[in-house]
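The values are calculated or read from the model by the stated rules, or taken from the named source; none is laboratory data. Given the structure is predicted, the values throughout are model-derived calculations rather than measurements. Quick reminder, even Gly has a Cβ in these numbers, built from the backbone with ideal geometry, and neighbours come from all protein chains shown.
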Amino acid sequence: MCDYLRLEWTPLHTTLFLSLIHSLHRTTSTHRISKCLIENKVIKGSLTGISIGTITHAGTVTPTQKLWRSFQALGAIAFAYSYSIILIEIQDTLKAPPAEYKTMKKATYLSIFVTTTFYLLCGCMGYAAFGDEAPGNLLTGFGFYDPYWLLDIANIAIVVHLVGAYQVYCQPLFAFIEKWSAQRWSKSDFLTTEYDLPIPFYGIYQLNFFRVMWRTLFVIVTTVLAMLLPFFNDVIGLLGALGFWPLTVYFPIEMYMSQKKIKRWGRQWIGFQILSFGCLLVSVAAAVGSVAGVVLDLKTYKPFKTSY
């Protein structure tokens, strides 16, 4: 099913490596937050979030904007757990025994625990350190940049993490498009022909012109769009909202109920439906809040300039 992923360096190894890099980034961010918190000797912020009347780059925070920001935050949290799109692809590359699902279950529990720990540290401690002035991006919105070497390490970790994660997350889409195109136009040499390209110290690399051109074009288009619409928090919240309910909640629940043959209108079936509907409401609220944030940011929008 996933022959394009069956390499010696499997997606599991890639994901573990990227997770370590991501942990390095979060560790450096937490260190800087802790330093600021200790130096200030004051815990800022409040339990109710940003104060109404706070001046931001988009203007003064109103009660309505605070509500949208709360909804947007739900999308950002959902985005942090939107790994289900590649979970099955990674599981398909695992070796048995032990059974793939058992190994993946342990890895999932561990990853959720580590992810939650780091995000709670960055989120809670960051808000305690900066209060209403807490930036959306902890590495670019700080009021200080000392020590510089620590900031450089964190930024390098981000580049390595995102470049690698981009490839891992896009592989299912790449494989689907290339397989569908090859079946649709099976007689096209441009789509189906593989050319052997010898590479020193590597061996033979099979080159396909369609694969090179379409993937390159895809990366260019998505990069330009990301630079053209640089609403960091809003986009993160919107992506989390769009992908959370269908991919992380609805389809896994439906597959589980089908596999276990859970009867309709039974206690378990009703419980799963309540869970699914509740998560749907969260996704809708997060999407609305993120869109409202984009509309607000458009008032001060400058192309190719990121706003946090």
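Numbers for the structure displayed
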{"read-out": "The stretch 107-130 residues that are more than 22 Å from Gly49 (Cβ to Cβ) and basic (Lys, Arg), paired with ones that are buried (at least 18 other Cβ atoms within 10 Å of the Cβ) and at pLDDT below 80 (beta carbon under 6 Å, 6 or more apart)", "value": "none"}
{"read-out": "Leading residue by the ranking (farthest from Glu178 (Cα to Cα)) among those in the stretch 188-203 that are among the hydrophobic types (A, V, I, L, M, F, W, C) and surrounded by 10 or more Cβ atoms within 10 Å (Cβ to Cβ)", "value": "Leu197"}
{"read-out": "Residues satisfying the stated conditions in the stretch 88-103, i.e. without any contact (Cβ under 8 Å) to a residue 60 or more places away in the chain and surrounded by fewer than 18 Cβ atoms within 10 Å (Cβ to Cβ)", "value": "Ile88, Lys95, Ala96, Pro97, Pro98, Ala99, Glu100, Tyr101, Lys102, Thr103"}
{"read-out": "Close pairs (8 angstrom Cβ cut-off, 6 or more residues apart or separate chains): closer than 24 Å to Arg69 by Cβ and in contact (Cβ under 8 Å) with a residue 12 or more places away in the chain in the stretch 213-232, surrounded by 11 or more Cβ atoms within 10 Å (Cβ to Cβ) and acidic (Asp, Glu) anywhere", "value": "Phe231/Asp297"}
{"read-out": "Selected residue (criterion: farthest from Pro135 (Cα to Cα)) from residues of the stretch 190-242 that are under 30 Å from the mean Cα position of the chain (by Cα) and assigned to a loop (DSSP other than H, G, I, E, B)", "value": "Asn208"}
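Let's see how each residue does on (1) loosely packed, with under 12 Cβ neighbours inside 10 Å; (2) not β-branched (Val, Ile, Thr):
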residue: Val235; (1), (2): no, no
residue: Leu247; (1), (2): no, yes
residue: Ile253; (1), (2): no, no
residue: Trp265; (1), (2): yes, yes
